[in-house]
Amino acid sequence: MKNPPYRYWPITERPAIEWPDGKRFAFYIGLNIEHFHPGKPATSVVPLTAHLPVDPLNHGWRDYSTRVGIWRMIELMDRHDMRASVLLNSDVCREYPQIIQAGVERDWAWLGHGRTNSALWTGMDAETERAGLLEITAAIETATGKRPRGWLGPALTETENTPELLHELGYTYTLDWVADDQPFPLSLDDADARMISVPYSIEVNDIPAFLDHGLSAAAFGDMIVDHFELLHAESQRRPGAVFGVSLHPFLVNQPSRHRYLADAFERIAGRDDVWYTTSDDIAAWYLEHHYDAALRAMLDGR
């Protein structure tokens, strides 16, 4: 790939974005619900055993997500009347139907997130990738009753064909390109294609925060609040920011960490001038109300 699928466009040169009811800032929870295959390396808490064909330590730690952590997270979101934007491995539909049912009852948004996070979304030709995307899309639609409109690759991976194929299959946005605080148009081969990027945070994300940078749970809670507060303040003069906090229940919903997430939510929830929503609703609003003006301004270089 010579260039990413978007143009350089400074945030200072864009038309104003206004969310529903005149709100200037949008927040959503990017909730990763994933299935991992035993005997395959994946996100690990102890790398020493991650390469072994039988790895109870790391596999069991990841399984905490679907057995315990997700249910603790659901209780927290229910307390604040927040819906999840679920980054969903399609294998979850088969393996954990109770989670799908809980999400359907709460009207969650469902995004494609590969089959499993035991495999990156790379190393495929276009036909193989198209077949995989069709399979994933059908599995999610059958299980949830909703055809996914958004996509996040496992570990944010793509091929050179992914944005084009997603558009071909009816997707309207991706979270993979974490380059901005606002949604923006993507550049595809089809000049008439309406495909956008919606912000997703790789910074305020519990995997790099805890596993790569060694942040404490208290520091991560403060990080959520600090990120929220600055974007909220900036949105008063430059409306349109989106904060999508990225969470994995096998990490942030461990008992020793959950209390700090709950405290952060208490500190950022319930503000009248913030749109607490889903990535689906953000993308749909932007495409209907702002995409055309944004595209004209971007192409005109202003």
- Query: Which residue, of Leu152, Leu166, is in contact with a His (Cβ under 9 Å, 6 or more places away or on another chain) and either under 29 Å from Ala293 (Cα atoms) or of a type in the set (Lys, Arg) (or both)?
  - Reply: Leu152
- Message: Cβ-Cβ under 7 Å, sequence separation 6+ or interchain: first residue in the stretch 130-146 and farther than 19 Å from Glu160 by Cβ, partner polar (S, T, N, Q) and surrounded by 12 or more Cβ atoms within 10 Å (Cβ to Cβ). Which pairs?
- Response: Ala139/Ser90; Ile140/Ser90
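Just the residues that are touching a Gly at 6+ places or on another chain (Cβ under 9 Å) and either aliphatic (A, V, I, L, M) or not in a strand (DSSP E or B) (or both), please, taken from the stretch 21-30.
Arg24, Ala26, Ile29
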- Query: Which of (1) surrounded by fewer than 18 Cβ atoms within 10 Å (Cβ to Cβ); (2) more than 20 Å from Ser235 (Cα to Cα) does Asp272 not meet, given it meets every other one?
  - Reply: (2)
- List pairs: first in the stretch 191-216 and at pLDDT 95 or above, second among the charged types (D, E, K, R) and in a loop (DSSP other than H, G, I, E, B), Cβ under 9 Å, 6+ apart or cross-chain? Ser197/Asp176; Ser197/Asp180; Pro199/Asp180; Pro199/Asp181; Tyr200/Asp176; Ala209/Glu203
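May I ask you to say which residue of Val245, Val274 is of a type outside the set (Ser, Thr, Tyr) and under 15 Å from Gly30 (Cα atoms)?
Val245
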- Message: Quick test for you: out of Ser44, Ser65, pick the one residue that is among the small types (Gly, Ala, Ser), outside any loop (DSSP other than H, G, I, E, B) and either surrounded by 15 or more Cβ atoms within 10 Å (Cβ to Cβ) or free of Cβ contacts under 8 Å to residues at least 60 places away in the same chain (or both).
- Response: Ser65
- Query: For the stretch 177-192, does any single residue satisfy the condition of being in a loop (DSSP other than H, G, I, E, B), touching a helix residue (DSSP H, G or I) at 6+ places or on another chain (Cβ under 8 Å), more than 24 Å from His213 (Cβ to Cβ) and charged (D, E, K, R)?
  - Reply: yes
- Starting from the stretch 248-264, keep only residues that are closer than 10 Å to Leu76 by Cα, then list their pairs with residues that are acidic (Asp, Glu) and in a helix (DSSP H, G or I) whose Cβ atoms are within a distance under 9 Å, requiring at least 6 positions of separation or different chains. Leu261/Asp206
- For the stretch 71-123, the count of residues that are of a type in the set (D, E, K, R), within 25 Å of Thr157 (Cβ to Cβ) and not in a helix (DSSP H, G or I) equals 1
- Query: Which one is nearest to Ala269 (Cα to Cα), of the residues in the stretch 217-226 that are of a type in the set (A, V, I, L, M, F, W, C) and without any contact (Cβ under 8 Å) to a residue 24 or more places away in the chain?
  - Reply: Met223
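Residues are listed down the side, and each one gets a yes or a no for (1) over 19 Å from His80 (Cβ atoms); (2) buried (at least 20 other Cβ atoms within 10 Å of the Cβ); (3) over 18 Å from the mean Cα position of the chain (by Cα):
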site: Leu230; (1), (2), (3): yes, no, yes
site: Ser235; (1), (2), (3): yes, yes, yes
site: Leu251; (1), (2), (3): yes, yes, no
site: Arg267; (1), (2), (3): no, no, yes
site: Asp281; (1), (2), (3): no, no, no
site: Asp292; (1), (2), (3): yes, no, yes
site: Asp300; (1), (2), (3): yes, no, yes
- When both residues are 6+ apart or on different chains and their Cβ atoms are under 9 Å apart, which pairs have a first residue that lies in the stretch 75-95 and is touching a residue at least 60 places away in the same chain (Cβ under 8 Å), and a second that is among the basic types (Lys, Arg) and surrounded by fewer than 24 Cβ atoms within 10 Å (Cβ to Cβ)? Arg83/Arg106; Ala84/Arg106; Asn89/Arg115
- Within the stretch 128-151, residues more than 13 Å from Gly170 (Cα to Cα) and among the polar types (S, T, N, Q) come out as Thr128, Thr142, Thr144
- Just checking, which of Gly214, Gly221 is assigned to a helix (DSSP H, G or I) and over 15 Å from the mean Cα position of the chain (by Cα)? Gly221
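The values are calculated or read from the model by the stated rules, or taken from the named source; none is laboratory data. It should be emphasised that the depicted structure is a prediction, and the values quoted were computed from it without experimental measurement. Neighbour counts are summed over all protein chains in view; Cβ atoms, including those assigned to glycine, are modelled from backbone coordinates with ideal geometry.
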